[in-house]
Structure formats: structure tokens, C-alpha cells
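The values are calculated or read from the model by the stated rules, or taken from the named source; none is laboratory data. Because the structure is predicted, anything quoted here is derived from the model rather than measured. As a convention, Cβ positions derive from the backbone with ideal geometry for all residues, glycine included, and neighbour counts pool all protein chains shown.
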Amino acid sequence: DTGVSQDPRHKITKRGQNVTFRCDPISEHNRLYWYRQTLGQGPEFLTYFQNEAQLEKSRLLSDRFSAERPKGSFSTLEIQRTEQGDSAMYLCASSPGLADNEQFFGPGTRLTVL
Amino acid sequence: AQSVTQPDIHITVSEGASLELRCNYSYGATPYLFWYVQSPGQGLQLLLKYFSGDTLVQGIKGFEAEFKRSQSSFNLRKPSVHWSDAAEYFCAVGADGGFKTIFGAGTRLFVKA
């Protein structure tokens with residue numbers, strides 16, 4: 001097992017364009033999380049999946065953001081009509097669903113909106 | 001509401017010196033507590049975690065942390081810092097049985113020769 005992977009690692013886009021990121025969790029993990037991290041801050045929770053069900057969305061996640069995990073395996077995060085304020089590192093994490101909820105993080109996708 | 005405070009934005013220590021990174025949390029019940037490290041261009045790596053039992057927990061890379069309920073603290077320590085420890089360190093708290101983990105703003109560690 002190679003851990004959590006994310007693709008792409010870097011994305012540069014122009015304001016108003018749509019972007020999509022992919023996350024492949026550790027195979028036996030049923031929980032998957034998306035976080036956003038801006039410079040000088042810790043990761044901020046965006047959304048969470050238990051298998052294919054999206055169980056929680058942060059108020060940080062505007063209507064322009066959508067996430068899916070169609071078969072309970074990989075997940076995608078789409079941002080429509082990107083804004084400069086969306087520039088950040090987008091982190092994905094997975095966990096096996098144990099009580100302590102230890103999460104395993106991917107390397108992140110750095111988004112730059114020009 | 002849960003929250004995590006890391007009072008030090010950055011710390012500089014000499015190689016070989018001891019290290020303590022501070023973390024204070026706010027949570028009504030016994031929390032699950034974590035320390036993660038993030039090196040440039042890398043994802044977060046778990047150093048150690050506490051959820052019950054011995055309040056002094058050992059982690060990877062020679063790190064340890066002590067849970068002090070009376071002070072709502074979970075400070076990270078290392079007796080002798082190596083240059084490779086230079087990174088950003090995040091303290092985090094998770095709810096009992098819950099899914100959400102709240103992270104502090106991080107402390108950047110600089111190591112000087």
C-alpha cells in the first residue's frame with residue numbers, strides 16, 4: 001500500500017475556470033476527508049465521506065464546491081468558477097474509522113488562481 | 001466548541017538542544033489529541049496521538065508529548081533536535097468517536113547549526 005495519493009500536485013488556473021482534484025485513499029479506509037490549508041494556517045475541514053455517503057460539509061464549502069466519492073473508493077473535489085481566494089493547498093486524508101479517528105494525509109494539491 | 005491554540009508561530013533552536021512546542025485545546029470531554037509534522041511539499045505525518053491511558057505518549061522520531069488535563073495542554077517535546085526536524089508542527093484535537101479534527105495554526109521550527 002502506497003498511502004493516500006492526490007492528483008494533480010499543482011494546478012494553475014485562471015479566475016472563472018473550473019478545476020477538479022482527485023484523491024485515492026488507502027484501500028481499506030472507509031472514511032475520507034477534504035481539507036483546505038492556506039499559508040500560515042492549519043488544515044481547515046471541508047467535507048467528510050463515510051464510504052460513498054457525504055455526511056458533513058463545512059460552511060467553508062460554498063455552492064461552487066462539490067465533492068463526490070461514487071463507489072466509496074476515490075474521491076473528487078470540484079471547484080466551479082474559481083476565484084483568487086480559492087488559492088490554497090487542498091489536502092485529502094483517509095482513516096479506517098476507528099474511535100480515535102487517526103487520519104492519513106496525502107501530499108496535497110496546490111491550487112493557484114490567477 | 002473545540003479549538004486548538006499553538007501560541008508560538010515559530011521557534012528557533014540550536015541543533016542538539018531540547019525542544020518544547022506548546023499546544024492548548026478547548027474541549028468539554030476527554031479529547032483525542034494529535035501532533036502532526038509537515039515538511040515543505042509533503043503531506044502531514046502523524047508523530048503521536050493520545051486518547052487514553054498513560055498521559056506521556058511516545059511517538060516517532062524521538063518525540064514525546066504529555067497530556068495535562070488540568071492545564072488543557074498537550075505539549076510536544078524532544079530532548080535533542082536534529083537539523084532534519086525543521087518543519088511545521090500541528091497540534092490537533094478530535095471529538096470522542098467523532099469524525100471532525102480541528103487543527104491549530106501550526107508552529108514552524110527552525111534549527112540552527
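A single entry from B:G43, B:G53 fulfils the requirement of being more than 10 Å from every other protein chain (Cβ to nearest Cβ) and without any contact (Cβ under 8 Å) to a residue 40 or more places away in the chain: B:G53.
Under the condition of being more than 11 Å from the chain's Cα centre (by Cα) and within 16 Å of B:N75 (Cα to Cα), the residues counted in the stretch B:31-42 number 2.
Answer yes if at least one residue in the stretch B:72-82 is assigned to a loop (DSSP other than H, G, I, E, B), among the hydroxyl-bearing types (S, T, Y) and in contact (Cβ under 8 Å) with a residue 60 or more places away in the chain, and no otherwise.
So in the stretch B:72-82, the residues assigned to a loop (DSSP other than H, G, I, E, B) come out as B:72, B:79-82.
Now narrow it down to the ones that are among the hydroxyl-bearing types (S, T, Y): B:72, B:80.
Filter again for in contact (Cβ under 8 Å) with a residue 60 or more places away in the chain, leaving B:80.
Yes, the stretch B:72-82 contains at least one residue that is assigned to a loop (DSSP other than H, G, I, E, B), among the hydroxyl-bearing types (S, T, Y) and in contact (Cβ under 8 Å) with a residue 60 or more places away in the chain.
Checking B:F90, B:F103, B:F99 one by one, the residue that is touching a Lys or Arg at 6+ places or on another chain (Cβ under 9 Å) and either within 14 Å of chain A (Cβ to nearest Cβ) or surrounded by 16 or more Cβ atoms within 10 Å (Cβ to Cβ) (or both) is B:F99 and no other. Per the conditions (1) surrounded by fewer than 20 Cβ atoms within 10 Å (Cβ to Cβ); (2) more than 25 Å from A:R9 (Cβ to Cβ); (3) not aromatic (F, W, Y), the sole criterion not satisfied by B:A65 is (1).
Within the stretch B:37-50, does at least one residue satisfy the condition of being at pLDDT below 95, crowded, with 21+ Cβ neighbours inside 10 Å, hydroxyl-bearing (S, T, Y) and farther than 24 Å from A:Y90 by Cα? There is at least one residue in the stretch B:37-50 that is at pLDDT below 95, crowded, with 21+ Cβ neighbours inside 10 Å, hydroxyl-bearing (S, T, Y) and farther than 24 Å from A:Y90 by Cα.
Any idea which of A:G42, A:G106 is within 14 Å of chain B (Cβ to nearest Cβ), without any contact (Cβ under 8 Å) to a residue 12 or more places away in the chain and of a type in the set (G, A, S)?
Numbers: A:G106 fails: without any contact (Cβ under 8 Å) to a residue 12 or more places away in the chain.
Answer to the check: A:G42.
Answer yes or no: is there a residue in the stretch A:57-70 that is in a strand (DSSP E or B), modelled with pLDDT under 90 and either on the phi > 0 side of the Ramachandran plot or within 14 Å of chain B (Cβ to nearest Cβ) (or both). Yes, there is a match, as at least one residue in the stretch A:57-70 is in a strand (DSSP E or B), modelled with pLDDT under 90 and either on the phi > 0 side of the Ramachandran plot or within 14 Å of chain B (Cβ to nearest Cβ) (or both).
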